[in-house]
Amino acid sequence: RLADLSPDALAALGVAAVVGREFQLKVLERTSELGVAGLLDVLDEASEAGVIAEDPALPRRYAFVHELVRETLYEDLAPATRLELHARIGAVLQDAYRSDLDPHLS
């Protein structure tokens with residue numbers, strides 16, 4: 001499923017893999033080099049490939065369809081890249097949810 005995805009889709013999904021099994025567009029938007037329109041395009045591409053699914057109850061919230069897909073993307077990242085992404089994503093989450101951080105710590 002991953003082999004047919006574009007490089008932009010793989011890059012965005014790599015960031016999403018660091019976020020976790022579930023992720024929101026607003027987090028990717030602040031950690032990806034693609035703009036919102038580009039992210040929506042690659043998320044649609046990944047959804048059509050059966051790699052992720054959008055939560056019907058919470059628009060722009062996605063989840064990997066299988067943990068092995070997320071793990072594969074995560075493990076394909078260089079350790080230094082994972083470390084940098086963890087720091088950037090942590091800062092984004094802290095900033096985005098600073099008024100109510102506890103529910104988002106996991």
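Numerical summary
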quantity	calculated
Condition broken by I52, with the remaining ones in (1) on the phi > 0 side of the Ramachandran plot; (2) surrounded by 18 or more Cβ atoms within 10 Å (Cβ to Cβ) satisfied	(1)
Residue among L101, L2, L93 that is at pLDDT below 95 and loosely packed, with under 13 Cβ neighbours inside 10 Å	L101
A17 being touching a helix residue (DSSP H, G or I) at 6+ places or on another chain (Cβ under 6 Å), open to solvent by less than 60 Å² (accessible area, probe 1.4 Å), of a type in the set (G, A, S) and within 21 Å of P103 (Cα to Cα)	yes
Residue that is modelled with the lowest pLDDT, among those in region 55-71 that are surrounded by fewer than 16 Cβ atoms within 10 Å (Cβ to Cβ) and farther than 27 Å from R98 by Cβ	P56
Any chance A46 is more than 20 Å from A9 (Cα to Cα), aliphatic (A, V, I, L, M) and either open to solvent by 50 Å² or more (accessible area, probe 1.4 Å) or without any contact (Cβ under 8 Å) to a residue 60 or more places away in the chain (or both)	no
Near pairs, Cβ below 6 angstrom, 6+ apart or cross-chain, from region 59-71 (in contact (Cβ under 8 Å) with a residue 40 or more places away in the chain and more than 12 Å from L43 (Cα to Cα)) to any residue that is outside any loop (DSSP other than H, G, I, E, B) and open to solvent by less than 60 Å² (accessible area, probe 1.4 Å)	R70/A17; R70/F64
From the options E33, E84, E29, residue that is within 12 Å of the chain's Cα centre (by Cα), free of Cβ contacts under 8 Å to residues at least 40 places away in the same chain and open to solvent by 80 Å² or more (accessible area, probe 1.4 Å)	E29
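The values are calculated or read from the model by the stated rules, or taken from the named source; none is laboratory data. Just so we're clear, the structure is a prediction, and the values are computed from it rather than from any experiment. Using ideal geometry, Cβ is built from the backbone for each residue, glycine included, and neighbour counts are taken over all protein chains shown. These area figures cover heavy atoms from the full protein model, side chains too; ligands, DNA and RNA do not enter into them. Shrake-Rupley method; radii C 1.70, N 1.55, O 1.52, S 1.80 Å.
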